[in-house]
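Engineer: Structure below; questions to follow.
The values are calculated or read from the model by the stated rules, or taken from the named source; none is laboratory data. For clarity, every value in this text was computed on a predicted model and none was experimentally measured. Methodologically, a virtual Cβ is constructed for each residue, glycine included, from the backbone with ideal geometry; neighbour enumeration extends over all protein chains shown. In case anyone asks, the SASA skips ligands and DNA or RNA and just uses the protein heavy atoms, side chains included. Shrake-Rupley method; radii C 1.70, N 1.55, O 1.52, S 1.80 Å.
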There are 2 protein chains.
Amino acid sequence: MATTGKHLFTTLEADGTLTVSLEDVTFDDPTGSQVLVRMEAAPINPSDLAILVGGADMDNAEYSPGKFVAKMPKQANAASITRHGLKLPAGNEGAGTVIAAGDSDAAQALMGQRVSCVPGNAYSQYCMADAGTCLPLGDHASEEGASAFVNPMTALGFVENARADGQDAILHTVGASNLGQMLTRICREDGIGLVNIVRKSDQADLLKDLGAAHVANSSDEDFMDQLTAAIRDTGASYGFDPVGGGKLVDTAFKAMEHVAIERMTEYSRYGSNQQKRMFIYGRLDTGATILTPGYGFGWTLSGWLLFPFLQSVGQDAMDRMRRRVRDNLTTTFASHYKERVTLEEMLTKDAVMDYRTMRTGEKYLVTPWG
Amino acid sequence: MATTGKHLFTTLEADGTLTVSLEDVTFDDPTGSQVLVRMEAAPINPSDLAILVGGADMDNAEYSPGKFVAKMPKQANAASITRHGLKLPAGNEGAGTVIAAGDSDAAQALMGQRVSCVPGNAYSQYCMADAGTCLPLGDHASEEGASAFVNPMTALGFVENARADGQDAILHTVGASNLGQMLTRICREDGIGLVNIVRKSDQADLLKDLGAAHVANSSDEDFMDQLTAAIRDTGASYGFDPVGGGKLVDTAFKAMEHVAIERMTEYSRYGSNQQKRMFIYGRLDTGATILTPGYGFGWTLSGWLLFPFLQSVGQDAMDRMRRRVRDNLTTTFASHYKERVTLEEMLTKDAVMDYRTMRTGEKYLVTPWG
């Protein structure tokens, strides 16, 4: 018995025309370990936005019901050459109800249950997912489980990574984001030192209410003093940044070096021997990352992505992390949404112009059935 | 019996006044494992220049015999706050004759021999060095052994590092430098793939004469094609850059990603999973390092310094590397010099204005006894 529902596709043509639209897609019955999920909630994460709107001119796009057509500027289009002509789904993660299941025990066990899943085509009324990647939500609503994967596993991944590298403190450059709030709770629970950078005083207040001990506000005049004091207190020389562009990583390295230099008894022209480590895990700012001299040669900057990380830690660690998410879904790993939109509404100008700004703490949730 | 000779010192005051001058320094007789070396040749490496002239205004400096006084611009001076008021020696490495030795067997064994050494104050007529850090030069002249440490050990270090990380190919962004030429010979001897970037066609010719198989000339219009072809042929996704500022590292990452994307069968919005690794080991350009988006998140950039690297590999590896240098001093590890200057001449405007440009293959050699 085939099942048909609305499904979002995004296509970038070689000439720079970006078309995002809804189409009816028909799914056959699931087989083996597959489950068919009626999707009820899916967040719009920064990692979804690149493929939805990227650098396209959304101000002057043509919007019609269930569709927009926009122009990708020349440079952004040239950088996207590998997706030209491909009709791609979107939506990394979401949650819904399993309405059909393949023959495998794992699939059958999920029949009728609400699950969180990571299908890659979550902006749709139905998705096919592998039972092994689904997290049963028990009594939780789909909305509570919609963001159970990307942010929670990323935040837990930071702590896993830090521990594997012998670190007991972390710096996070966007402390007040949904992910930053989770990280604040995780670090508090696990006794990991955390230095949060925020841009506004209300964000600092929010984190302090969550128990954050070290918050540096970049809009304050004494920001660098706040930051170095927090690094001094925690010993953080290891951090994560979702912004990418600009000088945020540079600022973190400078502050870490400043603290390391304070501890040196002898001058070295090469700076301190303190190893400073930062990871860029997003591109909220698609401008260039600027690294100035001034913190010696004892530093390393890497890109960081969730899926390669999860492959590197293996199934056992991943299962342990997912259990922790499931057991603390509405506390440690709670997400908050600014707006709920249907599939049609997410393609309107009002919605696009708002969610594409990716303002801290203003996440959208797509509810495909309204 | 004390020994007195001319010795260079460099002092940066808090107000930005940089004074570099010669003074007489008296050394007591060496004790224990110490040896007193009559210095006969010392190269001016880029790593020495920072402390000699840094970002100072050398055009308008006051030059007098055995001395110059220059102004450090405000920003460069602020970045050098940790050395304010310190009277520092200069000259990482050099070679000379052991004229007195402490009681230890190692020190006594060097008595009367020519040695290469790394005293940190090589711009002087006499240096005290530890016997364990000296490399006996046998029949080689001091000039042949003057650069036996920094460049050779760095070039060998790149290969050690690459192998430890499972790599069999290296990219080097300044192929025609003294170090680049050594690296070309080492990689040829060791069967390591090498991608050399150069800026001029005569540099490309020079490297090809040394047997370099892959040279990309950044002044050619089809530079990126040359570079990607070389990366495709060698599989290099691991490289070293002494420039630091600008987009050279960015260019290397882009070319590595370009080749990795060619091999992908399925589109990924995150770019390839190919891990791309670059190290910045110098700051020939003290401007900011610019990293643009466009090569996904599978990349890592680190600073790289010789001395921490040597500490990390341990004494056995270091001894093995030094033996290889000693046994191939005038072949694999030969250095070339553009000019020879005395201690007085190295402080004249003509000399300073020339060697501070650090043009590829135009190294100066200081000969303290003329």
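Engineer: Using only the alpha carbons, work out the radius of gyration and Dmax of the protein assembly as shown in angstrom.
Structural biologist: Rg, Dmax (Cα atoms, Å): 29.9, 102.
Engineer: Oh, and also: Return the carbon/sulfur percentage of the accessible area of chain A, one whole number, probe 1.4 Å, all protein chains in place.
Structural biologist: 47 percent
Engineer: Determine the shape class of the range A:192-255: with a ≥ b ≥ c the square roots of the Cα gyration tensor eigenvalues, call it rounded for a/c under 1.5, and otherwise prolate if a/b is greater than b/c, oblate otherwise.
Structural biologist: rounded
Engineer: Follow-up question, since we're still on this one. Over the range B:57-166, with a single point scatterer placed on each C-alpha, what log10 of the ratio I(q)/I(0) does the Debye formula yield at q = 0.19 1/Å?
Structural biologist: So the normalised log intensities work out to -1.01.
Engineer: Can you give the percent of C-alpha pairs in chain A whose distance is more than 33 Å?
Structural biologist: 34 percent
Engineer: So, R0 is 45 Å and r is the distance between the beta-carbons of A:ASP205 and B:LYS200; what FRET efficiency does that work out to, to 0.05?
Structural biologist: Once the sixth-power term is evaluated, E becomes 0.20.
Engineer: Does the range B:283-350 come out rounded, prolate or oblate by the C-alpha gyration tensor, with a ≥ b ≥ c the root eigenvalues, rounded set by a/c under 1.5 and, if not, prolate when a/b is larger than b/c and oblate if not?
Structural biologist: oblate
Engineer: Please state the relative contact order of chain B as a whole percent: Cα pairs under 8 Å, 6+ residues apart?
Structural biologist: About 18 percent, as a whole number.
Engineer: Another one. Residues with beta-carbon under 13 Å from that of A:GLY91, excluding A:GLY91: net charge, scoring Lys, Arg +1 and Asp, Glu -1?
Structural biologist: -1
Engineer: On a 1.4 Å probe surface of the protein chains, which of B:VAL215, B:VAL313 comes out largest in accessible area, and what is the full order?
Structural biologist: B:VAL313, B:VAL215
Engineer: How big is the accessible area of A:GLU13 in square angstrom, nearest 10, if you roll a 1.4 angstrom probe over the protein chains?
Structural biologist: Surface open to solvent at A:GLU13 totals about 80 Å².
Engineer: Convex hull volume of the Cα atoms in the range B:252-307, per residue, in Å³?
Structural biologist: 86 Å³
Engineer: Sticking with this one: Determine the shielding of peptide B:273-281 by partner chains: average, over its residues, the number of Cβ atoms on other chains within 10 angstrom of each Cβ.
Structural biologist: The per-residue average across the peptide is 2.
Engineer: Can you say what percent of the DSSP beta bridges in chain A, counting only those with both residues inside, are antiparallel? Round to 5.
Structural biologist: Percentage antiparallel, nearest 5: 65.
Engineer: Once both labels are modelled 7 Å past Cα along the beta-carbon direction, what's the A:ALA109-A:ASP327 spacing in nm?
Structural biologist: 1.7 nm
Engineer: Take peptide A:301-311, look around each residue's Cβ out to 10 angstrom, count Cβ atoms belonging to other protein chains, and average those counts.
Structural biologist: Mean partner shielding for this stretch: 5.
Engineer: Compute the FRET efficiency between B:ASP29 and A:SER218 as 1/(1 + (r/R0)^6), taking r as their Cβ-Cβ distance and R0 = 56 Å, and round to the nearest 0.05.
Structural biologist: The formula returns an efficiency of 0.45 here.
Engineer: Using a 1.4 Å probe on protein heavy atoms only, how many Å² of accessible area do B and A hide from each other, summed over both chains and rounded to 100?
Structural biologist: What B and A bury together is about 3200 Å².
Engineer: A further question on this structure: Around A:VAL366, under 13 Å between beta carbons, what's the net of Lys plus Arg minus Asp minus Glu among the other residues?
Structural biologist: Overall, the nearby charge balance is -3.
Engineer: Another question, then. Rounded to the nearest 0.05, what FRET efficiency do B:TRP369 and A:ASN60 give with R0 = 60 Å and r taken as the Cβ-Cβ distance? Could you check?
Structural biologist: Efficiency, from the Cβ-Cβ distance: 0.20.
Engineer: Would you mind telling me which residue in B:MET182, B:MET346, B:MET321 has the biggest mean-square fluctuation in a Gaussian network model of chain B, where springs connect alpha carbons within a distance under 10 angstrom?
Structural biologist: Largest GNM mean-square fluctuation: B:MET321.
Engineer: What shape does the range B:151-308 take by its C-alpha gyration tensor, where a ≥ b ≥ c are the square roots of the eigenvalues and a/c under 1.5 counts as rounded, a/b above b/c as prolate, and the rest as oblate?
Structural biologist: rounded
Engineer: Tell me what chain A gives for mean residue ellipticity at 222 nm when only DSSP H runs of n ≥ 4 count, each as -39,500 (n - 2.57), the sum divided by the residue total, rounded to 500 deg cm²/dmol.
Structural biologist: -9500 deg cm²/dmol
Engineer: I've got another one for you. Build a GNM of chain A with springs between Cα atoms under 10 Å: which of A:SER218, A:SER268, A:SER33 gets the top mean-square fluctuation?
Structural biologist: Taking springs between Cα atoms under 10 Å, the residue moving most is A:SER268.
Engineer: For the range B:232-280 and the range A:31-63, compute the distance between their C-alpha centroids and round to whole Å.
Structural biologist: After rounding, the separation between the Cα centres reads 28 Å.
Engineer: Which whole-angstrom value gives the distance between the alpha carbon centres of the range B:315-331 and the range A:299-370?
Structural biologist: 53 Å
Engineer: For the range A:151-308, report the accessible area per residue in Å² (1.4 Å probe, heavy atoms, rounded to an integer).
Structural biologist: 37 Å²
Engineer: So, taking all protein chains as they sit and a 1.4 Å probe, how much accessible area belongs to B:GLU144, in Å² rounded to tens?
Structural biologist: For B:GLU144, solvent-accessible area is about 80 Å².
Engineer: Continuing with the same structure: In chain A, which helices (entire DSSP H runs) extend 15 Å or more along their own long axis, judged by Cα positions, while averaging at least -0.5 on the Kyte-Doolittle scale?
Structural biologist: Helices meeting the span and hydropathy rule in chain A are A:150-164, A:223-234, A:248-262.
Engineer: Just tell me which lysines come within less than 17 Å, Cα to Cα, of A:LYS338; anything on the same chain fewer than 8 places away is out.
Structural biologist: A:LYS349, A:LYS363
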